[in-house]
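K.L.:
Pasting in a structure now, in structure tokens, and then I'll have a few things to ask.
Every number here is computed from the coordinates shown, using simple stated rules; none is lab data. Computed from a prediction, not measured in an experiment: that's the story for all the values here. No Cβ is skipped: glycine too gets one built from the backbone with ideal geometry, and neighbour counts run over all protein chains shown.
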Amino acid sequence: MNVEKEEATSMTEQGGEQARTEEFMTNMAESMDGAPKLRTVDLVAFFGKNEALHGINLAIRPNKVTAIIGPSGCGKSTFIRCLNRMHELTPGAKATGQVLLDGENIYAPKTDPVLIRRRIGMVFQKPNPFPTMDIYDNVAAGLKLTGMKKGKNLDDVVKNSLQQASLWDEVKDDLHKPGTSISGGQQQRLCIARTIAMRPEVILMDEPCSALDPIATSKVEELMVQLKGTYTVVVVTHNMQQAARVADYTAFFYLGKLIETGPTASLFENPKEELTERYLTGRFG
Amino acid sequence: MARLMDLGMDRLRNLLLEMGQLSQQTVVTAIEAYHVGKNHQDVNRWSNKLKQLDDQVSELSIELIARFQPVASDLRYIKACMEISYGFYRYGRYAHDIMEVLDTFGDLTKCDHAVVESASGTTKQMIELSVEAFAKKDVELAKKITGMDDYVDDAYRDYISKLMKSKHVDLRCALSQTLILRYLERIADHAVYIGRSVIFIVKGEEPAFEERS
């Protein structure tokens, strides 16, 4: 363990304590403003015997964009994969603690993870439209699997989802072209439309713009802000400026611990933890 | 390894240090000129130079924000530097205004300089503290400035109050001293603002303004 890691371990203990205190205060505020959409309680994630997340307590507010930031390997992707039980799909991976969706633990024994993933959708780093399907079917695929038949209802859902993903105007005359025939930015919005079509309550986004150019990035960022009117959005990003632009709340992770969380403006202007300050100002390493 | 942005941040700091030194020199020279009753041409030149340096600080600050998108302490530092730079520029501008008083009223050596001398002594200390507090990022020095501000405020107000009650005044002396005391009072206010910016740089938040009793 290098000096920085040792220091970080000590600081994360302090930071974790403070984060918990702030969390408590946040929760107090929420008791007046409404309950969090999602809340993790002592969430611990493992890959085999390796503990990747060390007891995360974090509340995600409804109809807000929450950004998760931190350096590579800090556990931010693992964290959001725990939020819809995708983490356990990795062989040898497991999670302990609780993830409460509207107050109900999604890790409770009788909970169906498939249903949870319908309520909490995921958009991935790399646009991944189904390569053999056209644009229409890319959006409709999930619904067809649930038994929805072709027809006006399905057409309406596809159109509505593409509209919400700000893609309808660009593809409405090309719905039967392959999903892979459009640009990378459009493909990512197509994936967002596919997620929206399932009528989730929460949309998780794991580095959704890392493969996109600045213009496509800007469109997806605008979309994130629009989507929070209907959904709760959690986005993992390496791009701190993206978090600063789109997120209402930001949480900083380091070495599998939540170091600090709070309203984005105050976290970026005046972080309380020295580790956060050093990360944000590029003074790591 | 130094960050790329640090080159610009160092340049920003050096510009501010240059401004601090020059603005101090400008005000001190203007006050001395008032006391000896002779205009000092360099004051106007230095005042103009301070304006140019303030413009440079603004341009560099905007460039740093545009190129590096600073956050946290970096962002606070740049914001504070813009405010401090403006304060230093204003020191120079009020020194220029003191010279204008000399130009307008002519020889003032026969006026009683006691009140201006006393207020200017405190103002010079406040300027010195503001420059040093910025250079050292010293919160304690910055806090001292606020405590001295009342003295300069009172000197100005008391003088006006005394004038209002006087039946026989030398209008030239009264007007010129009122103006100079007013400029010193404004300089002292800018010293307080600079002190507050130094506290903002170090602590991340400005202290609350204290109400005068």
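K.L.:
Any idea what Rg and Dmax come out to for chain A if you just take the C-alpha atoms, in Å?
P.N.:
So, for chain A, Rg and Dmax equal 19.1, 62 Å respectively.
K.L.:
First measure r as the distance between the Cβ atoms of A:Q98 and A:D248, then evaluate 1/(1 + (r/R0)^6) with R0 = 25 Å and state the FRET efficiency to the nearest 0.05.
P.N.:
Rounded to the nearest 0.05, the efficiency is 0.60.
K.L.:
³J(HN,Hα) across region A:185-200 via Karplus (A = 6.51, B = -1.76, C = 1.60, θ = phi - 60°), whole Hz, x for Gly/Pro?
P.N.:
Rounded to whole hertz, the list is x, 5, 4, 5, 5, 5, 5, 5, 4, 4, 5, 4, 4, 7, 6, x.
K.L.:
Any chance you could list the semi-axes, whole Å, largest first, of the equivalent ellipsoid that the Cα gyration tensor gives for region A:86-230, using √(5λ)?
P.N.:
Numbers: eigenvalues 141, 68, 42 Å².
Rounded to whole Å, the semi-axes are 27, 18, 14.
K.L.:
Right, another one. Over all residues in B:65-73, what is the mean tally of Cβ atoms on other chains that come within 10 Å of each residue's Cβ? Before the final figure, lay out each step's value.
P.N.:
On the way: counts 0, 0, 0, 2, 3, 4, 15, 12, 8.
What the average comes to for B:65-73 is 5.
K.L.:
A further question on this structure: To check you understand DSSP bridge types, tell me what percent of the beta bridges within the protein assembly as shown (both residues inside) are antiparallel, rounded to 5. If you can, show how the numbers build up before the last one.
P.N.:
Numbers: 25 of 42 bridges.
Antiparallel bridges make up about 60 percent of those DSSP assigns within the protein assembly as shown.
K.L.:
Which semi-axes, in whole Å and largest first, does the equivalent ellipsoid of region B:148-200 have when worked out from the alpha carbon gyration tensor as the square roots of 5 times its eigenvalues?
P.N.:
29, 10, 5
K.L.:
So who's got an amide H within less than 5 Å of the one on A:V236, skipping anything under 5 residues away but keeping other chains? H placed 1.01 Å off N, in plane.
P.N.:
Result for A:V236 returns A:I68, A:M205, A:D206, A:E207.
K.L.:
Run the lone-cysteine check on the protein assembly as shown: no other Cys C-beta under 4.7 Å from the residue's C-beta.
P.N.:
A:C74, A:C82, A:C191, A:C209, B:C81
K.L.:
Using only helices, what value at 222 nm comes out for chain A when you add -39,500 (n - 2.57) per DSSP H run of length 4 or more and divide by the total residues, to the nearest 500 deg cm²/dmol? Kindly include the intermediate steps, with their values, before the conclusion.
P.N.:
Values: 11 runs with 122 residues, N = 285.
The helix contribution divided over chain A gives -13000 deg cm²/dmol.
K.L.:
Below 8 Å between Cα atoms, with a sequence gap of 6+, how large is the relative contact order for region A:84-163 in percent?
P.N.:
Once divided by the residue count of region A:84-163, the mean separation gives 21 percent.
K.L.:
Taking 0.36 nm per intervening residue step and subtracting the Cα-Cα distance, what contour gain separates B:D189 from B:S58 on full extension?
P.N.:
So the chain would gain 45.0 nm between B:D189 and B:S58.
K.L.:
A further question on this structure: If you count, for each residue, the other Cβ atoms within 10 Å and average over each peptide, how do B:35-46, B:188-199 line up from highest to lowest?
P.N.:
Descending packing order for the listed peptides: B:188-199, B:35-46.
K.L.:
For region A:130-195, what mean projected area does the convex hull of the alpha carbons give, in nm²?
P.N.:
Working: hull surface 15.6 nm².
That works out to 3.9 nm².
K.L.:
Which entries of A:K257/B:K79; A:K144/A:K228; B:K38/B:K143 show an alpha-carbon separation above 29 angstrom in the structure shown?
P.N.:
A:K257/B:K79; B:K38/B:K143
K.L.:
Among the lysines, which fall within straight-line cross-link reach of A:K110, defined as a Cα-Cα distance under 20 Å, with same-chain neighbours fewer than 8 residues apart omitted?
P.N.:
A:K94
K.L.:
Same structure, new question: From the phi of every residue in region A:236-253, what ³J(HN,Hα) in whole Hz does the Karplus formula 6.51 cos²θ - 1.76 cosθ + 1.60 yield, where θ is phi - 60° and glycine or proline is x?
P.N.:
8, 8, 7, 8, 5, 5, 5, 4, 4, 6, 9, 8, 7, 10, 10, 10, 9, 10
K.L.:
What is the diffusion coefficient of region A:200-285 in µm²/s, taking the Kirkwood radius over Cα pairs and the Stokes-Einstein relation at 37 °C with a viscosity of 0.692 mPa s?
P.N.:
239
K.L.:
Within a Cβ distance under 14 Å of B:R45, other residues only, what is the Lys/Arg minus Asp/Glu net charge?
P.N.:
+2
K.L.:
Among A:I56, B:I62, rank each residue by its count of other Cβ atoms within 10 Å, from fewest to most, as a rough exposure measure.
P.N.:
The fewest-first ordering by Cβ neighbours comes to B:I62, A:I56.
K.L.:
In addition: Multiply the residue separation of A:K149 and A:T111 by 0.36 nm, subtract the distance between their alpha-carbon atoms, and state the gained length in nm to one decimal.
P.N.:
11.0 nm is the gain from fully extending A:K149 to A:T111.
K.L.:
To continue, here is another question. Would you mind checking which residues have amide H under 5 Å from A:M122's amide H? H placed 1.01 Å from N; only 5 or more apart, or other chain.
P.N.:
Result for A:M122 returns A:L204.
K.L.:
By the scheme Lys and Arg +1, Asp and Glu -1, what is the net charge of all other residues having a beta-carbon under 10 Å from that of A:D134?
P.N.:
-1
K.L.:
Can you list residues from other chains, or at least 5 along the same chain, whose modelled amide H is less than 5 Å from the amide H of A:E260?
P.N.:
Sorted by chain and number, the residues that satisfy this are A:F252.
K.L.:
Using a basic spin-label model with each label point 7 Å from the Cα along Cα→Cβ, how many nm lie between A:A35 and A:S218?
P.N.:
In this crude label model, A:A35 to A:S218 measures out at 4.1 nm.
K.L.:
Determine the equivalent ellipsoid of chain B by diagonalising the alpha-carbon gyration tensor, then write out the semi-axes as square roots of 5 times the eigenvalues, largest first, rounded to whole Å.
P.N.:
With the √(5λ) rule applied to chain B, the semi-axes are 35, 19, 12 Å.
K.L.:
Could you give the radius of gyration (one decimal) and Dmax (whole number) of the Cα atoms in region A:93-142, in Å?
P.N.:
For region A:93-142, the Cα radius of gyration and maximum Cα-Cα distance read 14.8, 41 Å.
K.L.:
Each label point is 7 Å from the Cα along the Cα-to-Cβ direction; what then is the distance between the points at A:T132 and B:L4, in nm?
P.N.:
If labels sit at A:T132 and B:L4, their model points lie 4.6 nm apart.
K.L.:
Another question, then. Over region B:61-213, what relative contact order in percent results from Cα pairs under 8 Å that are six or more residues apart?
P.N.:
Value for region B:61-213: 36 percent.
K.L.:
Which value, in debye to the nearest 20, describes the size of the charge dipole of region B:101-213 about its Cα centre when Lys and Arg Cβ atoms bear +1, Asp and Glu Cβ atoms bear -1, and nothing else is charged?
P.N.:
I would put it at about 180 debye.
K.L.:
Give the aspartates and glutamates reachable from A:K49 as a straight Cα distance under 20 Å; neighbours fewer than 8 places away on the same chain don't count.
P.N.:
Straight-line reach from A:K49, under 20 Å: A:E88.
K.L.:
State log₁₀ I(q)/I(0) for the protein assembly as shown at q = 0.06, 0.10, 0.11 Å⁻¹ as given by the Debye formula over alpha-carbon point scatterers of equal weight, solvent excluded.
P.N.:
For the protein assembly as shown, the Cα-only Debye profile gives -0.44, -0.84, -0.93.
K.L.:
Which lysines, if any, have their Cα less than 20 Å from the Cα of A:K150, not counting same-chain residues under 8 positions apart?
P.N.:
A:K159, A:K172, A:K177
K.L.:
Let me ask another. Run through region A:83-149 and list the trypsin sites (Lys or Arg not before Pro) located in a DSSP loop whose Cβ has at most 13 other Cβ atoms within 10 Å.
P.N.:
Filter output for region A:83-149: A:K110, A:K149.
K.L.:
Same structure, new question: Using a 10 Å cut-off around each Cβ, can you sort B:C111, B:C81, A:C82 from fewest to most neighbouring Cβ atoms?
P.N.:
Arranged by neighbour count, lowest to highest, B:C111, B:C81, A:C82 become B:C111, B:C81, A:C82.
K.L.:
To one decimal place, what orientation-averaged projected area in nm² is obtained for the convex hull of the Cα set of region A:233-280? Write out the running numbers ahead of the final one.
P.N.:
Working: hull surface 12.6 nm².
Averaged projected hull area, Cα only: 3.1 nm².
K.L.:
Ranking A:L258, B:L141 by Cβ neighbours within 10 Å, fewest first, what do you get? Don't jump to the answer; show the numbers that get you there.
P.N.:
On the way: A:L258 30, B:L141 19.
In increasing order of surrounding Cβ atoms, one gets B:L141, A:L258.
K.L.:
Return a whole-number percent for the relative contact order of chain A, with Cα pairs under 8 Å and 6 or more residues apart as the contact set. Spell out each step's value before the answer.
P.N.:
Values: 520 pairs, mean separation 74.6, N = 285.
Over chain A, the number comes to 26 percent.
K.L.:
Within the set of other residues whose C-beta is less than 11 Å from the C-beta of A:V65, count the net charge using Lys and Arg as +1 and Asp and Glu as -1.
P.N.:
Working: positive: A:R61, A:K64, A:K228, A:R245; negative: A:E221, A:D248.
Local charge sum for A:V65: +2.
K.L.:
Compute the convex hull volume of the Cα atoms of region B:111-213, divide it by the residue count, and report the result per residue in Å³ as a whole number.
P.N.:
Details: hull volume 8.5 nm³, N = 103.
Here the figure is 83 Å³ per residue.
K.L.:
Given the convex hull of the Cα atoms of region A:176-239, what is a quarter of its surface area in nm²?
P.N.:
The orientation-averaged projected area of the Cα hull of region A:176-239 comes to 4.5 nm².
K.L.:
Ordered by residue, what ³J(HN,Hα) values in Hz, to whole numbers, does region A:207-222 give under the Karplus form 6.51 cos²θ - 1.76 cosθ + 1.60, where θ = phi - 60° and Gly and Pro are x?
P.N.:
Taking θ as phi minus 60°, the curve returns 6, x, 10, 5, 9, 10, 6, x, 6, 5, 4, 4, 5, 5, 5, 4 Hz for region A:207-222.
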